[in-house]
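Undergrad: Got a structure for you, written out below as structure tokens; questions coming shortly.
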Amino acid sequence: MQTYSLKCYKCNVTQNDNSISRIFCEKGCNELLICEDISPMKQDPLQSMRDDEESFSLGEGSTPLIPLNKIGKRLGLEKLFAKLEFMSPTGSFKDRGSSLVINIARKERVAEFVEDSSGNAGASLSAYAGATDIKAHIFVPDSAGKGKLDQISIFGAKLHKIEGPRENSTIAAKDFSKKNNIPYLSHNLSPYFSEGMKSFAYEIYSEFGEVDHIIFPTGNGSLLLGTWRGFIDISENSNLSLPKLHAAQSSIIEPIVAEFSQKKWNFDPSSKTIASGISVSNPPRLIEIVDAIKNSNGSATSSSDNEALIWHEILAKEEGIYSEKTCAFSFATLEKLVKSGIIKKNEKIIIPITGSGLKETT
Ligand SMILES: [Zn+2]
């Protein structure tokens, strides 16, 4: 396994404590931390764990990268590809982050933890925790898909279903953690979770070399952030041109689009969207996400549920891919970026299919 230190995103101070439960800067600036790979040689964090006999794995990462010929033709694109993240052990990209978080928790002999999730991350952490004999308490909105709720339970975690918007699960998880003195290993806040996502960049680079654009359905932004920092690491030892990263959001919940384009947006807690995986009104790493998008010369775009539903069906009928609806927002964004000329005909584009449609059937 690689060696890591934690650094404050705001004051840039390297922390003395780099334990798994360290979330905020110890210098008191109340800012979240980012992970730094301080190993003699930076490399894919998942590959590094695979090489370590002591590490636990469910076979995460190394997901297929396939051409989307029909959608490419429809949009006049020659090099459009999908990376099939739903073919991960628990059916979503979250396994990349969970594997690193749980392996570090094991090393630190963590026996029990609290987490809140919109569903996929809870299911993922539940699987890794159960298989390594760590007790997990997962707080999830009661509106999460039945497939996700069933997954969390079957893997042995204690499922806490919370009424109301996604934020209520976070509040309940923090309260429970405090009252019971159990570590809160939020995947949204943990610097190690998005560190695991760097593997997405390493895999693309080793299989594909350079890529021009990557479009992410973006809620808390862990995959976008990990991918960006992964490509930065790779570029330190290569002549790699960095890809442009684009965030796709729902027009119902679009804090990243609003921050990126400096427009006003007010969250209406009563509003609903099919984009359950990215329904995050106040992402804790908002500034970090917008910085990454801007530094990559990327963009942030929102689309309506109806626009996404059209693409959800096209993806299934024309390419044989049954994604969760959240992923379809990336294709609605792709169409807009092609029409506006930001994405050009002969450029190389990758869209991660972040989660499986099978989790949302009821
Ligand atoms: Zn700080």
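Undergrad: Is it the case that ILE71 is in contact with a helix residue (DSSP H, G or I) (Cβ under 7 Å, 6 or more places away or on another chain), of a type in the set (Val, Ile, Thr) and touching a residue at least 24 places away in the same chain (Cβ under 8 Å)?
TA: Taking the combined requirement at face value, the residue satisfies it.
Undergrad: Quick check on GLU36: is it within 16 Å of the ligand (Cβ to nearest atom) and open to solvent by 20 Å² or more (accessible area, probe 1.4 Å)?
TA: Judged against the criteria, GLU36 is a match.
Undergrad: Here's a follow-up. Just name the residue that is nearest to the ligand (Cβ to nearest atom) out of those in the range 39-50 that are in a loop (DSSP other than H, G, I, E, B) and surrounded by 16 or more Cβ atoms within 10 Å (Cβ to Cβ).
TA: Among those residues, the one meeting the criterion is LYS42.
Residues checked against (1) in contact (Cβ under 8 Å) with a residue 24 or more places away in the chain; (2) under 24 Å from GLY209 (Cβ atoms); (3) touching a helix residue (DSSP H, G or I) at 6+ places or on another chain (Cβ under 8 Å):
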residue	(1), (2), (3)
ILE314	yes, no, yes
GLU318	yes, no, yes
GLU324	yes, no, yes
CYS327	yes, no, yes
LEU334	yes, yes, yes
VAL338	yes, yes, yes
ILE342	yes, yes, no
GLU347	yes, yes, no
PRO352	yes, yes, yes
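Undergrad: Out of SER177, SER169, which single residue is small (Gly, Ala, Ser), modelled with pLDDT under 95 and farther than 30 Å from LYS345 by Cβ?
TA: Among SER177, SER169, only SER169 is small (Gly, Ala, Ser), modelled with pLDDT under 95 and farther than 30 Å from LYS345 by Cβ.
Undergrad: Looking at GLY119, is it open to solvent by less than 10 Å² (accessible area, probe 1.4 Å), at positive phi and touching a residue at least 24 places away in the same chain (Cβ under 8 Å)?
TA: yes
Undergrad: For the range 178-188, give me each residue that is within 29 Å of LEU224 (Cβ to Cβ) and either within 12 Å of the chain's Cα centre (by Cα) or open to solvent by 20 Å² or more (accessible area, probe 1.4 Å) (or both).
TA: Matches in the range 178-188: PRO183, TYR184, HIS187, ASN188.
Undergrad: Another question, if that's okay. Mind checking whether some residue in the range 23-44 is in contact with an Asp or Glu (Cβ under 6 Å, 6 or more places away or on another chain), outside the structural domain of ILE232 (by TED's automatic domain parsing) and closer than 22 Å to GLY209 by Cβ?
TA: yes
Undergrad: Here are some conditions: (1) within 16 Å of the ligand (Cβ to nearest atom); (2) open to solvent by 10 Å² or more (accessible area, probe 1.4 Å). TYR4 meets all but one. Which one does it not meet?
TA: Against the list (1) within 16 Å of the ligand (Cβ to nearest atom); (2) open to solvent by 10 Å² or more (accessible area, probe 1.4 Å), TYR4 comes up short only on (1).
Undergrad: Name the residues in the range 70-116 that are open to solvent by 10 Å² or more (accessible area, probe 1.4 Å), more than 16 Å from the chain's Cα centre (by Cα) and more than 16 Å from PRO183 (Cβ to Cβ), would you?
TA: If the condition is that a residue be open to solvent by 10 Å² or more (accessible area, probe 1.4 Å), more than 16 Å from the chain's Cα centre (by Cα) and more than 16 Å from PRO183 (Cβ to Cβ), then LYS70, LYS73, ARG74, LEU75, GLY76, LEU77, GLU78, LYS79, PHE81 are the ones that fit.
Undergrad: Just give me the residues in the range 122-133 being in contact with an Asp or Glu (Cβ under 9 Å, 6 or more places away or on another chain) and either open to solvent by 10 Å² or more (accessible area, probe 1.4 Å) or among the small types (Gly, Ala, Ser) (or both), in sequence order.
TA: Result: GLY122, ALA123, SER124, SER126, ALA127, ALA129.
Undergrad: Considering only the range 160-231, give the helices (runs of 4 or more DSSP H) lying wholly within it that have at least 1 residues that are in the same structural domain as ASP150 (by TED's automatic domain parsing), acidic (Asp, Glu) and out of contact with any Cys (no Cβ under 7 Å at 6 or more places or on another chain).
TA: 166-180
Undergrad: If LYS27 passes every condition in (1) within 14 Å of the ligand (Cβ to nearest atom); (2) at pLDDT 95 or above but one, which one does it miss?
TA: All conditions are met except number (2).
Undergrad: For the range 7-21, which positions are open to solvent by 40 Å² or more (accessible area, probe 1.4 Å), more than 8 Å from the ligand (Cβ to nearest atom) and in contact (Cβ under 8 Å) with a residue 60 or more places away in the chain?
TA: Answer for the range 7-21, where residues must be open to solvent by 40 Å² or more (accessible area, probe 1.4 Å), more than 8 Å from the ligand (Cβ to nearest atom) and in contact (Cβ under 8 Å) with a residue 60 or more places away in the chain: just SER21.
The values are calculated or read from the model by the stated rules, or taken from the named source; none is laboratory data. Everything numeric in this text was worked out from a predicted model, so none of it was measured. Positions of Cβ are backbone-derived with ideal geometry, glycine not excepted, and every protein chain shown enters the neighbour counts. In case anyone asks, the SASA skips ligands and DNA or RNA and just uses the protein heavy atoms, side chains included. Shrake-Rupley method; radii C 1.70, N 1.55, O 1.52, S 1.80 Å.
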